[in-house]
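Notes to accompany the following structure.
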Amino acid sequence: MQLRFRLLNVFTAGGARLSGNPLCVVEDGSGLDSAQMQALARQFNLSETTFILPSKRAAALVRIFTPAYEMPFAGHPTLGTAHVCRALQLGGDQLGLEMRAGIIAVTATGDHWTLRAAPATSRLVDAPPAELARLLGLDPADIGFQPLWVKAGREQLVVPLTSEAAVRRVRPRLEIFERLKSIDGAGMAYVFAASGGKKILSRFFFPDGTAVLEDPATGSACANLGAWFIAMGRRPPLQFEVSQGEFIGRPSTLQLEVNTDEEVFVGGDVIEIGSGQLTL
């Protein structure tokens, strides 16, 4: 079996080709079963690998895998896969992608892609601020109002911090991912703080065995951030430029918008850096 794949960077910063979050997209996964998809995601060993499949409801059915498990939705795989779908003439600058989380609408202006997130739910965090601060390696005064679990596709812990400096000081303890888990049993933490005007500095952490890893750019968490603002009663329209990834050498830029209908949009630039073929 011959499989063609493409390598992309999503949420790139300032046109830099080697910025943003890497992604592998397999152009046609229709001949693969779930075990093979998972094995290929381990082979590529990127944060996510996606597989394009036929859909009767949208431009394509997309399955998203990390090296360890399948995901119902993720932001940068959505935008990067839409970019490949357009290149394969499965759709144009406006298309829908069918995922386990539902059909996600995606639009493009050139190589800048934007997704509309699903309506979100939220719930309180079962940890007082002092404990949350300890788990993040911070002081209680660094925790802002109000940490929430938010789900606009995938539930994640969203933690507002009181300063940019606090974002830079975060050193999560592995314990946090056992102590605080999403409704699907996953541990993760997204921290952020305003960095002046309409700019936000953010970081996203998740466990990998006994290690704590940091994501270069997390579109699903950015969508949850938009839903967090709605839950906090912030009146739209809202627009922010969200910076992520600087702490791991992959600067990334995400555009976050909440319109007057309280719809959340996340966008960013996509660059294809290569393609190839593999044999199974």
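The values are calculated or read from the model by the stated rules, or taken from the named source; none is laboratory data. Just so you know, these numbers come straight off a predicted model, no measurement behind them. Glycine also receives a Cβ, built like all others from the backbone with ideal geometry; neighbour counts cover every protein chain displayed. Accessible surface areas use protein heavy atoms only, side chains included; no ligands, DNA or RNA. Shrake-Rupley method; radii C 1.70, N 1.55, O 1.52, S 1.80 Å.
List of remarks:
- Rg and Dmax over the alpha-carbon atoms of the chain stand at 18.0, 57 Å.
- Its relative contact order, with pairs defined as Cα atoms under 8 Å and 6+ residues apart, puts segment 76-235 at 17 percent.
- Using alpha-carbon coordinates, inclination of helix 75-87 to the longest axis of the chain, degrees: 20 degrees
- Between helix 34-44 and the chain: long-axis angle, C-alpha atoms, 0 to 90°, nearest 10: 70 degrees
- With every protein chain in place, segment 241-280: carbon and sulfur % of accessible area (1.4 Å): 41 percent
- Selected from Leu88, Leu46, Leu132 as most flexible by GNM, with the chain as the system and alpha-carbon contacts under 10 Å: Leu88
- Eligible lysines near Lys198 by straight Cα distance, threshold 26 Å, same-chain separation 8 or greater: Lys151
- Accessible surface, segment 179-255, averaged per residue in Å² (probe 1.4 Å): 40 Å²
- DSSP-assigned coil residues among chymotrypsin sites (Phe, Trp or Tyr not before Pro) in segment 125-216, each with at most 12 further Cβ atoms within 10 Å: Phe145
- Sorted peptide list for 27-38, 48-59, criterion being average Cβ within 10 angstrom, highest first: 48-59, 27-38
- 13 Å reach of a label modelled at Arg168, 7 Å along Cα-to-Cβ, counting backbone N of segment 181-206: 195, 201-202
- Cut-off 14 Å (backbone N to label point 7 Å along Cα→Cβ of Ala141), residues of segment 191-206: none
- Burial ranking of peptide ranges 64-70, 259-265 (average Cβ count within 10 Å, highest at the top): 64-70, 259-265
- Whole-Å semi-axes of segment 22-151's equivalent ellipsoid (Cα gyration tensor): 33, 18, 13
- Seen against the Cα atoms of the chain and their longest principal axis, helix 219-231 is set at about 40 degrees.
- Modelled label positions at Asp111 and Asn45, each set 7 Å beyond Cα in the direction of Cβ, lie 2.7 nm from each other.
- With K and R counted +1 and D and E -1, the other residues having a Cβ less than 14 Å from that of Leu174 yield a net charge of +1.
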